[in-house]
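Values in this text are rule-based calculations from the coordinates and carry no lab data. Note that the coordinates shown come from a computational prediction; the quantities given were computed from them, not determined experimentally. Every residue, glycine as well, gets a Cβ built from its backbone with ideal geometry; the counts of neighbours run over all protein chains shown.
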Amino acid sequence: MKRDSGFTLIEVLVGIMLLSVMGLVIAQSLSLATKIQVKARNQALASQIAQDTLEEYVDSDFTAYIDGQTIADEVTRNGQNFKRDQNISFHGDGTRTVSVTVEAEKGALETIVSMSQRYRGSV
């Protein structure tokens, strides 16, 4: 009896099914990797915005600010919008604290960065 060489229909279907499952796993992995990359980029941008904001106060004499003042605005970096809140507090020892919270605008993966810095000098 002569056996024909080649694959049966069942073998071909099982092979296609396995390739499909592998393709879906790879696609999901790439999707997750892209989301992680976007979140990391937004985290880095938000951190840079917060750090830049705190550095703007280094040479400030704070005469234009009042204790407990909050400044809210929006900042755009690399095409991404961020909401920035700055809170300024004066202390009895002549120091003041600036707290900055930067949050990625809606539509982006959740990204929130908070930083504070205490500054010395007369108030």
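If Lys and Arg each add +1 and Asp and Glu each add -1, what is the summed charge of the other residues whose beta carbon sits under 11 Å from the beta carbon of Thr53?
-4
Just to be sure I understand: if I project the alpha-carbon convex hull of region 34-97 onto a plane and average over all orientations, what area do I get in nm²?
Averaged projected hull area, Cα only: 5.2 nm².
Taking the simple approach of a point 7 Å from Cα along Cα-to-Cβ for both Ser60 and Val21, what is their distance in nm?
5.9
Please list 3J(HN,Hα) in residue order for region 57-72, calculated via the Karplus relation 6.51 cos²θ - 1.76 cosθ + 1.60 where θ = phi - 60°; whole Hz, with x for glycine and proline.
Ordered by residue, 3J(HN,Hα) equals 8, 4, 9, 6, 8, 6, 5, 8, 10, 10, 4, x, 5, 10, 10, 10 Hz.
Could you identify which residue out of Gln80, Gln28, Gln43 has the top mean-square fluctuation in a GNM of the chain using Cα springs shorter than 10 Å?
Of the options given, Gln28 has the highest mean-square fluctuation.
Compare Val100, Val14, Val38 in a GNM of the chain, Cα atoms joined below 10 Å, and give the one with the largest fluctuation.
Its mean-square fluctuation being the largest, the pick is Val14.
Out of [x] 2.09; [y] 1.99; [z] 1.13, which label holds the value of Cα Rg over 2.2 N^0.38 Å that was computed here?
Correct label is [y].
Are there trypsin sites (Lys or Arg not before Pro) in region 1-84 that DSSP puts in a loop and that have at most 16 other Cβ atoms within 10 Å, and which ones?
Those satisfying the criteria are Lys2, Arg3.
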